[in-house]
Structure formats: C-alpha cells, structure tokens
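A.B. asks: Have a look at this one before I ask anything.
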Amino acid sequence: MSTDQLVSALTDIYHAHTLLIHSILAVLSGYIVFGMGWFTRSDYQPKGRHCYVTGGTQGLGKALAESLVRQGAHVTVVARDVVKGEKTLADLKAIAQPHQIIQFLSADLTDAKSSQEALVKASEPFDGKCPDYLYLCAGFSRPKYMMDSSLEEFKAGFDGVYWVSAYTAQAAVKTMIRQRRTGRIVFVSSFLGYTSFAGYTNYSPGKYALRGLSDSLRSEMLIHGIKIHIFMPCGIAGPGHDAENAEKPAITFKIEENDTAIQPAESAKALERGLRKGYYSITDNIVADFARLRSDGGVPGNNFFADLFYLIISSYGFPIWRMTADRDVRNGRQAVLDDYEARGVYDTPKSK
C-alpha cells in the first residue's frame, strides 16, 4: 500500500467514525483534566472541624487522631478500653491548642444502641451537631481456619469488623440528613476486602461487606452531598497486628511471609493523601492498587494513567499471586490434616 493510499484509508476511517473518535478523546481529556485533579481544589480540610475517630486508641486510629489534632481539628476518640482511652486523651491534649476540643468516649461499637449514644454524647459540645468527618477505624482480626472457629468466634469476627462500623455509619447518616449537614464518612476495610485466602474466613467476609456498604452508600449519599470514602490498607504494625500474628495459622503465615507491616503513621498519611486528592477507594500500597483495579466494581477511579498501568500489570501479576497462594495452601495441607487427626476432629477413623 502506498503512502497516499494509507492516508486515504485513515481519512475514510476517521470520517466514518468521527463521533466515536471525538467521544473517546473527550472522555480521555476529561480523565486527564479532572481525574488527575488538575484545576480542582480539594475540600478536605480537618482544621476547625469535629473529627470522630473510632478505634482511635491504637494503630491507625491513634496515628490518624494525632495527625488531625496537629492540623487543628477537634477530635473525639471512641474505643472500648478505658485505660488506653485515658492515655490517648492525655497524649492528644498534650499536642493540642487550648481552643481545641479533645474527647474520649468508651463505648461498645458492636452494639447499635451504644454506637448511637456515643455519637450523641460526642456531639454535645458542638450544639448537638453531628461530627463533620467520621473515620471508622475500629476492628480486629483473629485469623483461624473455619473448622477451628467456634460459632461465637465466627459471629464475633463479623461483629468486630462490619457492625462495629456499620452501626456508627447509619447513626451518622441519619443525623446528618436530619440536620441538613454535609460531611464525610471514611470506612476502613483492608486488602483482604479485595481478595482473600486461607485463614481469614472470620475476617474477610466483614471487610468485603464494608466494601458493599460503602459502594452503595457512596451512590446513595450523592442525594445529600455527604462524601463517602473507603480505605483498603495492607497490614498495619501495632498491637492489633501483634495479636493477629499470635493466632495466625502456619499456611497464612507462609502466604504472607514476604509482607512488611506498614507503620501506623505512614498508613494514616496515605489515607489523608487520598482524601486530599478526592479519591473514593484509597490504598497505602501498590499491591493493593493492583487488587483494587481487579475488583473495583466500576466505582470512581483515582489517577487515570496510573490506574491503567496498574490494571495492565495486575491482569498478569494477580493471577500469578493467586496461584502461589494456592500452592502454599496445598503444600501445607498435610500438616493441617495430621493435626486434625491427632486432635480427633473427625467422626470416623482414617481409613488404612
């Protein structure tokens, strides 16, 4: 084909598909200009706002509370442990300015009534107005195989991951709407809310459920101008992570052997960076970004070019990761079966 014929063919294609080509260019331009944050200004500004942090006495929650206080926010920390709470309150007041309101409330957030009462109590110094920003960091992980989990542990796993945040979110949404207030609610799920593996049967279901709640609530709150975000961190160092490791099955350890827990302050920084950029689904690790693009359900993306790159890489890399995880499970299979045999788990003896 000559050069003139090639030019003629391309010209014919352009004229035949002008609308489609222009539409694609418009979409790409929109992503570049608005998706990357150009010509936009973040409205995330904690200074002077009432920030409500659940699970704020350790790990991510405490690091986040400290960051918010340093930025000039009024901060309410809610957790169950009174001793840790009083210490956190003293630590936060030590870095606060005299005009900042810093509070600690002890509450069982796996209970709907207690969650509602804590929110009401926290709002009292602010003329009963709902907090502006809510960061739902409360939760715990106790990895076990389903076979080894009692019914109580199985239920507690969901209560301590899903309901511990869902009850507070519902109370806040109802209050904000009644008061005609806008604000934002930040859920904290996990990398294990994108994908999961052996050992997390009483943890991942709640983290997946938080994604479902957050995705649907993000859409619903467009009606009311309330912003919803979800944070999907990898492992975060701290007392919670230490307690998790104390009970973690050997196969789970093997799958995660090359993982390095992120320090709470770094994770909190990643969360706030995502909030300032206006991201809906926020991560603190490139591996979590790979998982996000493989299972995002069509929710708003972050950076168009980075997301495109992550999607291409994850399309090849993530299936390979899954195969290695499955290999580790199979390699550890016999040890688990032998353990169950020794403990008399089975109803009938092993056949010869």
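The values are calculated or read from the model by the stated rules, or taken from the named source; none is laboratory data. Everything quoted here is computed from the prediction, not taken from an experiment. When we count neighbours, we look across all protein chains shown, and the Cβ atoms used for this are built from the backbone with ideal geometry, even at glycine. When the accessible area is computed, the model is the full protein with side chains, heavy atoms only, and any ligands, DNA or RNA have been set aside. Shrake-Rupley method; radii C 1.70, N 1.55, O 1.52, S 1.80 Å.
A.B. asks: Pairs 227/248; 113/144; 207/248; 87/155: which exceed 28 Å Cα-Cα?
C.D. replies: Flagged as over cut-off: 227/248; 113/144; 87/155.
A.B. asks: Just how large is the dipole of region 50-330 about the Cα centre, in debye to the nearest 20, putting +1 at every Lys and Arg Cβ and -1 at every Asp and Glu Cβ?
C.D. replies: Computed charge dipole of region 50-330: roughly 740 debye.
A.B. asks: If you don't mind, another one. If the reach is capped at under 18 angstrom between alpha carbons, list the lysines near residue 269, excluding any in the same chain fewer than eight residues apart.
C.D. replies: Filter leaves 47, 62, 277.
A.B. asks: Considering only protein heavy atoms, what is the solvent-accessible area of residue 253 at a probe of 1.4 Å, reported in Å² to the nearest 10?
C.D. replies: Surface accessible to solvent at residue 253 totals approximately 90 Å².
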